[in-house]
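The values are calculated or read from the model by the stated rules, or taken from the named source; none is laboratory data. Small disclaimer: the values here were computed from a predicted structure and weren't measured. Glycine gets a Cβ as well: all are built from the backbone with ideal geometry, and neighbour counts include every protein chain shown. The accessibility values were calculated without ligands, DNA or RNA, using every heavy atom of the protein model including side chains. Shrake-Rupley method; radii C 1.70, N 1.55, O 1.52, S 1.80 Å.
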Amino acid sequence: MKREQLIVTLACVGASAVAALAFFRCDTAASTHGTKRVDLDSLPIVGEEEAVLAAPPQVPPPITRDHATKVIVRLEVREEVGEIADGVDYVFWTFGGTVPGSFIRVREGDLVEFHLSNHPDSRMPHNIDLHAVTGPGGGATSSFTAPGHTSQFSFRVRNPGLYVYHCATAPVGMHIANGMYGLILVEPLEGLPPVDREYYVMQGDFYTRGAFGEAGEQPFDMQKALAENPDYVLFNGRVGALVGDRALQAKVGETVRLFVGNGGPNLVSSFHVIGEIFDAVHHEAGAVANHDVQTTLIPAGGAAIAEFEVEVPGTFILVDHSIFRAFNKGALGMLSVEGDEDATTYSGRQDDRIYLAEGGAAQRVPGGDQPVSAEPMQRDELMTRGRQVFQQICAACHQPEGQGVPHAFPPLAKSDFLMADIDRSIDAVLHGLSGPIEVNGAKFDGVMPAVHLPDRDVASVLTFVRNSFGNDGEPVTPAQVAARR
Ligand code: CU
């Protein structure tokens with residue numbers, strides 16, 4: 001938290017003795033939380049306008065008008081084949097052609113005239129339940145729409161906040177699992193405090209006939225959905241939707257607001273940004289903000305608004321901190337922050353030296369008990385030792401068969417990057433590797449830490465990976481490693 005914010009916060013406490021605070025300001029909304037905030041009769045509807053919708057991860061611009069109006073929302077349901085991961089197709093059912101669906105932004109007191117169209121090519125009827133609606137089914141009972149039809153209904157938005165919408169046509173779980181959800185933001189009368197960046201991120205779990213990453217078109221699997229055992233847990237409907245070229249962007253010193261939803265259908269999200277602390281979180285997207293939050297829980301069918309300033313440059317990883325989902329099922333995104341380093345906030349690595357436990361009489365190789373020897377190593381010895389080192393250290397990220405994890409950890413199997421340059425691969429193990437690289441045509445932009453191993457183990461593991469998983473290369477010798485140290 002910046003000093004100015006802290007001062008504002010303390011002033012708020014002093015002035016009101018109410019610890020209900022929002023980002024950058026005293027929050028009067030909290031005091032009316034749980035009551036009807038405004039008399040709608042005092043907010044006459046003036047004029048009308050077409051809603052500006054936005055596709056994720058973008059959101060429509062903040063509302064600047066100071067009166068209620070009639071907002072006409074036109075949303076089209078389309079059933080479309082899309083990529084759920086590289087080489088894996090899925091038939092998504094969408095609101096507006098994207099998963100999550102188009103972001104809708106209105107203001108407290110507005111009258112929303114909602115037009116739901118179902119594309120003539122659709123095979124299923126659909127409807128919409130908006131959690132921002134006060135009325136039966138959240139609109140679902142009035143919006144059941146056959147293919148090639150348009151339904152219309154209207155509602156006043158009575159409560160500010162960030163609300164999920166979703167299809168509620170039977171089987172409801174299947175419609176949601178196919179991607180039929182999105183967010184509608186109802187700005188409070190006073191608007192939201194200005195920030196530099198706003199983004200739209202929504203988690204969902206997906207159930208496919210094949211396992212994670214299995215190529216080809218994958219149909220929905222009802223049994224896995226009933227068992228709540230997804231193959232994919234995703235931000236914005238695709239493995240890598242917010243990674244690499246598609247990462248969210250910000251600059252050092254800017255404030256960022258994330259509108260984060262969870263469509264489910266089954267899982268609760270432990271939303272976390274690695275390397276950041278949320279200065280404020282509107283937990284469950286309600287009026288009260290919590291401060292200095294590491295991980296916020298987002299229920300299925302719920303949302304949160306997370307706000308923070310970015311103080312240092314780097315890549316900040318969005319995850320569901322139920323962490324196998326992040327690294328093995330796809331729930332991983334990136335916020336790329338550019339700008340000047342701030343060594344006061346974060347130093348970077350300051351030192352790296354040998355750690356000698358127990359006075360340093362014996363130095364042990366991590367996970368191994370092989371004595372350090374000056375004898376030359378034979379190829380089969382390199383391979384045997386290399387397999388051990390690989391399994392103990394490398395397989396956790398690069399995976400047991402060297403296949404890697406799409407958009408996170410590059411493959412070693414049949415890897416053009418690995419095999420092209422022995423010295424480069426030695427350097428990567430000795431000194432680590434970061435920044436953008438391309439492996440077998442796929443881009444990666446992560447961080448591999450330096451691995452602290454003796455020359456013989458580095459030579460062994462490189463010999464092993466260069467002669468395993470479909471690779472065929474020369475052995476790497478301890479002398480070659482020593483020369484790169
Ligand atoms: Cu539907």
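Just name the residue that is farthest from the chain's Cα centre (by Cα) out of those in region 445-480 that are of a type in the set (Val, Ile, Thr) and under 20 Å from residue 391 (Cβ atoms). Spell out how you get there, then give the answer.
Residues of region 445-480 that are of a type in the set (Val, Ile, Thr), as a first pass: 447, 451, 458, 461, 463, 465, 476-477.
Narrowing the set further to residues that are under 20 Å from residue 391 (Cβ atoms) leaves 451, 458, 461, 463, 465, 476.
Values: 451: 28, 458: 34, 461: 33, 463: 36, 465: 31, 476: 39 Å.
Top of the filtered list is 476.
Being free of Cβ contacts under 8 Å to residues at least 60 places away in the same chain and in a loop (DSSP other than H, G, I, E, B) is the filter; apply it to region 154-173 and report the residue that is farthest from the ligand (Cβ to nearest atom).
157
Hey, any hits in region 251-266 for a residue that's at pLDDT 95 or above, assigned to a strand (DSSP E or B) and open to solvent by 40 Å² or more (accessible area, probe 1.4 Å)? Spell out how you get there, then give the answer.
So the first thing to find is which residues in region 251-266 are at pLDDT 95 or above, and the list is 251-266.
Restricting the remaining residues to those that are assigned to a strand (DSSP E or B) gives 251, 255-264.
From what's left, open to solvent by 40 Å² or more (accessible area, probe 1.4 Å): 251.
Yes, the conditions are met somewhere in region 251-266.
I need the full set of residues from region 391-406 which are open to solvent by 20 Å² or more (accessible area, probe 1.4 Å) and either under 24 Å from the mean Cα position of the chain (by Cα) or under 20 Å from residue 83 (Cβ atoms) (or both), in order please. Full working, then the answer.
Going residue by residue through region 391-406, those that are open to solvent by 20 Å² or more (accessible area, probe 1.4 Å) are 391-394, 396-401, 403, 406.
Result: 396, 397, 398, 399, 403, 406.
Please pick out the residue among 192, 242 that is part of a loop (DSSP other than H, G, I, E, B), of a type in the set (A, V, I, L, M), closer than 26 Å to residue 324 by Cα and away from the ligand (no atom under 16 Å from the Cβ). Give the derivation first.
Details: 192 fails: closer than 26 Å to residue 324 by Cα.
242 is the lone residue from the list that is part of a loop (DSSP other than H, G, I, E, B), of a type in the set (A, V, I, L, M), closer than 26 Å to residue 324 by Cα and away from the ligand (no atom under 16 Å from the Cβ).
Would you mention how many residues in region 93-114 are within 16 Å of the ligand (Cβ to nearest atom) and surrounded by fewer than 20 Cβ atoms within 10 Å (Cβ to Cβ)?
The qualifying residues number 1.
Counting only residues that are closer than 12 Å to residue 200 by Cα and touching a residue at least 60 places away in the same chain (Cβ under 8 Å), which one in region 38-63 is most open to solvent (accessible area, probe 1.4 Å)?
The residue in question is 58.
Yes/no matrix, rows are residues, columns are (1) part of a helix (DSSP H, G or I); (2) over 30 Å from residue 247 (Cα atoms); (3) among the aromatic types (Phe, Trp, Tyr):
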position: 384; (1), (2), (3): yes, yes, no
position: 387; (1), (2), (3): yes, yes, no
position: 393; (1), (2), (3): yes, no, no
position: 397; (1), (2), (3): yes, no, no
position: 400; (1), (2), (3): no, no, no
position: 424; (1), (2), (3): yes, no, no
position: 456; (1), (2), (3): yes, yes, no
position: 463; (1), (2), (3): yes, yes, no
position: 473; (1), (2), (3): no, yes, no
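Quick check: anything in region 144-152 within 30 Å of residue 41 (Cα to Cα) and away from the ligand (no atom under 16 Å from the Cβ)?
yes
Within region 407-425, can you find the residues that are open to solvent by 50 Å² or more (accessible area, probe 1.4 Å), in contact with a Gly (Cβ under 9 Å, 6 or more places away or on another chain) and without any contact (Cβ under 8 Å) to a residue 40 or more places away in the chain?
416
Yes or no: residue 233 more than 16 Å from the ligand (Cβ to nearest atom), farther than 23 Å from residue 104 by Cβ, outside any loop (DSSP other than H, G, I, E, B) and open to solvent by less than 10 Å² (accessible area, probe 1.4 Å)?
Numbers: more than 16 Å from the ligand (Cβ to nearest atom): yes; farther than 23 Å from residue 104 by Cβ: yes; outside any loop (DSSP other than H, G, I, E, B): yes; open to solvent by less than 10 Å² (accessible area, probe 1.4 Å): yes.
The answer is yes for residue 233.
Tally time: how many residues in region 242-292 are small (Gly, Ala, Ser), under 15 Å from residue 330 (Cα atoms) and in contact (Cβ under 8 Å) with a residue 60 or more places away in the chain?
Filtering region 242-292 for residues small (Gly, Ala, Ser) gives 244, 247, 250, 253, 261, 263-264, 269-270, 275, 280, 285-287, 289.
Still in the list and also under 15 Å from residue 330 (Cα atoms): 244, 247, 264, 269-270.
Adding the requirement that they be in contact (Cβ under 8 Å) with a residue 60 or more places away in the chain leaves 244, 247, 264, 269.
Qualifying residue count, region 242-292: 4.
Report whether or not residue 225 is open to solvent by less than 30 Å² (accessible area, probe 1.4 Å), assigned to a helix (DSSP H, G or I) and in contact with a Pro (Cβ under 8 Å, 6 or more places away or on another chain).
Yes.
Considering only residues that are surrounded by fewer than 17 Cβ atoms within 10 Å (Cβ to Cβ) and hydroxyl-bearing (Ser, Thr, Tyr), look in region 322-349 and name the one that is farthest from residue 214 (Cα to Cα).
Looking at residues that are surrounded by fewer than 17 Cβ atoms within 10 Å (Cβ to Cβ) and hydroxyl-bearing (Ser, Thr, Tyr), I get 344.
Determine, yes or no, whether residue 84 is more than 25 Å from residue 191 (Cα to Cα), open to solvent by less than 10 Å² (accessible area, probe 1.4 Å) and either in a strand (DSSP E or B) or of a type in the set (S, T, N, Q) (or both). Break it down stepwise before answering.
Details: more than 25 Å from residue 191 (Cα to Cα): yes; open to solvent by less than 10 Å² (accessible area, probe 1.4 Å): yes; either in a strand (DSSP E or B) or of a type in the set (S, T, N, Q) (or both): yes.
Yes: the conditions hold for residue 84.
Starting from residues that are more than 10 Å from the ligand (Cβ to nearest atom) and assigned to a loop (DSSP other than H, G, I, E, B), keep the ones in region 124-139 and report whichever is surrounded by the fewest Cβ atoms within 10 Å (Cβ to Cβ).
Once the filter is applied, the top-ranked residue is 134.
So residue 437 passes all but one of these: (1) free of Cβ contacts under 8 Å to residues at least 12 places away in the same chain; (2) in contact with a helix residue (DSSP H, G or I) (Cβ under 9 Å, 6 or more places away or on another chain). Which condition number does it fail?
(1)
For residue 203, are the conditions met, namely being modelled with pLDDT of 95 or more, part of a helix (DSSP H, G or I) and farther than 30 Å from residue 38 by Cβ? Please lay out each step first, then the result.
Numbers: modelled with pLDDT of 95 or more: yes; part of a helix (DSSP H, G or I): no; farther than 30 Å from residue 38 by Cβ: yes.
Criteria not met by residue 203.
In this structure, does residue 442 turn out to be open to solvent by 30 Å² or more (accessible area, probe 1.4 Å) and over 31 Å from the mean Cα position of the chain (by Cα)? Write out each step before concluding.
Numbers: open to solvent by 30 Å² or more (accessible area, probe 1.4 Å): yes; over 31 Å from the mean Cα position of the chain (by Cα): no.
No, not satisfied.
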